[in-house]
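See below for the structure under consideration.
The values are calculated or read from the model by the stated rules, or taken from the named source; none is laboratory data. Since the model is a prediction, treat every value here as computed from it, not as a measurement. Glycine also receives a Cβ, built like all others from the backbone with ideal geometry; neighbour counts cover every protein chain displayed.
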Ligand SMILES: C[S@@+](CC[C@H](N)C(=O)[O-])C[C@H]1O[C@@H](n2cnc3c(N)ncnc32)[C@H](O)[C@@H]1O
């Protein structure tokens, strides 16, 4: 609800630019000029709580808080956390019926360790990693000796707290079948609680995907899901992030991005694989182990076209991406 304070809040273009560049440098999230009012709206409630009158005061409060408490608060304010269970079913079907089955078979045949390491990067309130956990349990039914680890990370502490609770209600459950609801959730009044057998597979951790030092510590992943996260980043941060994911994957691993996202213009390291249900990026066995940085520094200014709007990746760019892959089916590592 609007208050007198909110309508009084002033944000000059200079304040906005200072704030926006700081957020970009730290988190990779980039707000184009047309997002000024969105940023202002998201800040004003917090500023009122702190009794701060100017955006500049709040900026210094965030910047010089060495505990990072206010920075973490800010991340919760400015991130978009929309998610749901079984989001984008064709992609998930390709994961469970194609990628997962293939991996299980290959690992069994090769006598490799019976383990699956999956990363849900930008997991929001937990629906994505729990969905993956349920799908893995379904596929491993009747098989013995398998160990599954799902690492679920996000920059917002608030969403991670909710994720760890594992209690859900309402619209987020709309795509869960009655059978899965029965098997993997315990109904408690209006709430559906994730059962321990699923919960125990998922480890939640606070991770800023723009932190290259921490990103370098993520490795040996069989599959990475980073869906609907990159859309908020500048082009240079997207490139850096995709390099990080390439390096974090095992050779033979798979990488899922959001339905409206593309790697076109970001990376040629992955091969795009056409599964029956979806297109998935693949780190081929024999691809060079580490993709090195090719361009631009981490914190220099973003390209003009970058935008924080969801859906920024157009259908046209996806089509171009596909066309490029069709012409060159196997794409090498830079
Ligand atoms: C729209 S949600 C996507 C959730 C889920 N992956 C899905 O597709 O349903 C985007 C999430 O990315 C997180 N995020 C944004 N920037 C991030 C960063 N720099 N590091 C880690 N997580 C980030 C946000 O906090 C938010 O929870």
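Under 7 Å by Cβ, and 6 or more places apart or on different chains, what pairs join a residue from segment 28-45 that is touching a residue at least 24 places away in the same chain (Cβ under 8 Å) and within 9 Å of residue 16 (Cα to Cα) with one that is outside any helix (DSSP H, G or I) and within 16 Å of the ligand (Cβ to nearest atom)?
Listed by first residue and then by second, the contacts come to 39/31.
Take residue 62 and decide whether it is outside the structural domain of residue 228 (by TED's automatic domain parsing), more than 30 Å from residue 171 (Cα to Cα), within 16 Å of the ligand (Cβ to nearest atom) and touching a helix residue (DSSP H, G or I) at 6+ places or on another chain (Cβ under 9 Å).
Numbers: outside the structural domain of residue 228 (by TED's automatic domain parsing): yes; more than 30 Å from residue 171 (Cα to Cα): yes; within 16 Å of the ligand (Cβ to nearest atom): yes; touching a helix residue (DSSP H, G or I) at 6+ places or on another chain (Cβ under 9 Å): yes.
Yes: the conditions hold for residue 62.
Mind counting the residues in segment 263-277 that are surrounded by fewer than 22 Cβ atoms within 10 Å (Cβ to Cβ) and closer than 18 Å to residue 122 by Cβ? Walk me through how you get there before you give the answer.
Step one: of segment 263-277, the residues surrounded by fewer than 22 Cβ atoms within 10 Å (Cβ to Cβ) are 264-268, 271-277.
So of that shortlist, the ones also closer than 18 Å to residue 122 by Cβ come out as 266-267.
Residues in segment 263-277 being surrounded by fewer than 22 Cβ atoms within 10 Å (Cβ to Cβ) and closer than 18 Å to residue 122 by Cβ: 2 in total.
Just a yes or no: is a residue in segment 181-204 loosely packed, with under 15 Cβ neighbours inside 10 Å, in contact (Cβ under 8 Å) with a residue 24 or more places away in the chain and either under 28 Å from residue 238 (Cβ atoms) or within 13 Å of the ligand (Cβ to nearest atom) (or both)?
Taking every residue of segment 181-204 in turn, at least one turns out to be loosely packed, with under 15 Cβ neighbours inside 10 Å, in contact (Cβ under 8 Å) with a residue 24 or more places away in the chain and either under 28 Å from residue 238 (Cβ atoms) or within 13 Å of the ligand (Cβ to nearest atom) (or both).
Could you say which residue among 34, 72 is closer than 27 Å to residue 230 by Cα, assigned to a helix (DSSP H, G or I), outside the structural domain of residue 211 (by TED's automatic domain parsing) and touching a helix residue (DSSP H, G or I) at 6+ places or on another chain (Cβ under 6 Å)? I'd like the intermediate steps shown before the answer.
On the way: 34 fails: touching a helix residue (DSSP H, G or I) at 6+ places or on another chain (Cβ under 6 Å).
Unique residue meeting the criteria: 72.
Does at least one position in segment 235-255 carry a residue that is touching a helix residue (DSSP H, G or I) at 6+ places or on another chain (Cβ under 8 Å) and closer than 15 Å to residue 91 by Cβ?
The answer is yes; a qualifying residue exists.
Return the residue satisfying two criteria in turn: it lies in segment 245-260 and is surrounded by fewer than 23 Cβ atoms within 10 Å (Cβ to Cβ) and closer than 30 Å to residue 105 by Cβ, and of such residues it is nearest to the ligand (Cβ to nearest atom).
At the first step, the residues of segment 245-260 found to be surrounded by fewer than 23 Cβ atoms within 10 Å (Cβ to Cβ) are 247-248, 250-252, 258-260.
Filter once more, keeping what is closer than 30 Å to residue 105 by Cβ: 247-248, 250-252, 258-259.
Numbers: 247: 17, 248: 14, 250: 21, 251: 24, 252: 23, 258: 6, 259: 9 Å.
Top of the filtered list is 258.
Could you check residue 40 against (1) surrounded by 15 or more Cβ atoms within 10 Å (Cβ to Cβ); (2) touching a helix residue (DSSP H, G or I) at 6+ places or on another chain (Cβ under 7 Å); (3) not assigned by TED's automatic domain parsing to the domain that holds residue 240 and say which number it fails?
(2)
Does residue 296 satisfy the criteria of being touching a helix residue (DSSP H, G or I) at 6+ places or on another chain (Cβ under 8 Å), at pLDDT below 95, farther than 24 Å from residue 35 by Cβ and assigned to a loop (DSSP other than H, G, I, E, B)?
No, not satisfied.
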